[in-house]
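S.K.: My questions will all concern the structure given below.
Where a number appears in this text, it was derived from the coordinates with a stated rule and is not lab data. Treat the numbers as computed from the prediction; the structure is a model and nothing was measured. All Cβ positions, even for glycine, are placed from backbone atoms using ideal geometry, and neighbour counts span all protein chains on display.
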Amino acid sequence: MSPSRASLEKKPREVAEMFDDVARRYDLTNAVLTGGIDHLWRRAVARAVDARPGERVLDIAAGTGTSSEPYADRGVQVVPADFSLGMLREGYRRRPDLPFTAADAMSLPFADGSFDVVTISFGLRNVADVDAALRDFRRVVRPGGRLVVCEFSQPVVPVLSTVYDKVVLNALPAVARRVSSNPESYVYLTETIRAWPAQRRLAERIRSAGWEQVRWRNLTGGIAAVHHATAPQRPATLS
C-alpha cells in the first residue's frame, strides 16, 4: 500500500493512516523541517503546563511520546494519547514505561475530571471537529484545571509572514522528500497550517467551548502560539 495523505476534510481514518506511515521517522523529520526549533517550542509548552509531581497530565496527539517525556522524567503522571496506532507502537518501543493510550480527541476514553491538565501540541488542527474536542478536553479536566494548546499560527511581523508563507511553507514538501517516509503528508501539513485560524480566533473558540482566562503567547514571531485556559471552578455541564 502506497503512503497516503489526508485531505482538509480530516476524516479520522485518513489522518490516522497518514501518521501511521510516518511514525518511525516523524520526530527526525520535524527536527529537520523546523531547524530544531520544534524542541524549543516543546520546552515552552512544558513550561506553560508547569506540571508538578502529584498532578495528572493528559497529553493528546502525543504521537511517539516526545512531548510527554519531560513530564514523566520529572515524576509527573502523564498519559500520552493518540489515535494513530503506528505512533503509539513506535512510542512504546522507545519508552515502554509510558502508558500510551489510543484515544479520539473528540470522544476521550476518560472519566469526567480525571486530569489536572490537558495539553495538545501541533495536533488540534488535525481534529475533524475542533470545537467538540475542546469541549471534551474540558470534560476530562477537574474544575479549575488547565488547558495548554500549542499550534502553528499566523506570524505577527509582516516581513516574517511573507517569507514564511511564500518560502518556508512552499519548501516543506520538497525538504520532506529527502527525510520523510511519506513526503505527501507534508503537503497536507502546509494545507492545514494555511487553513488554521489566527491566534485571536482560536482563543474565541476555546472560550466558546467553556474555558475561562483564555490567553496566548506567540512563539517565533507568531509562527506558533501557546494558548492557555482554565476550566471553570464549578463542574462542567455539557449537553
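S.K.: For segment 67-154, count all C-alpha to C-alpha pairs, find those more than 17 Å apart, and express that count as a whole percent of the total.
M.R.: 51
S.K.: So, one more: At 0.36 nm per residue, minus the direct Cα-Cα distance, what do E191 and E212 gain on full extension? Give it in nm, one decimal, please.
M.R.: 4.6 nm
S.K.: In nm, to one decimal, how far is the modelled label at R89 from the one at S107, with both set 7 Å along Cα→Cβ?
M.R.: Between R89 and S107, the label points sit 2.4 nm apart.
S.K.: A further question on this structure: Tabulate in residue order the Karplus-calculated ³J(HN,Hα) for segment 69-79, using 6.51 cos²θ - 1.76 cosθ + 1.60 with θ = phi - 60°, rounded to whole Hz; enter x for Gly and Pro.
M.R.: Once rounded to whole Hz, the list reads 4, x, 6, 4, 5, 9, x, 8, 6, 10, 10.
S.K.: Taking segment 37-74, which trypsin sites (Lys or Arg not before Pro) meet the DSSP loop condition and have no more than 12 other C-beta atoms within 10 Å?
M.R.: R74
S.K.: Considering Cα pairs under 8 angstrom that are at least six residues apart, work out the relative contact order of segment 88-138 and quote it in whole percent.
M.R.: About 39 percent, as a whole number.
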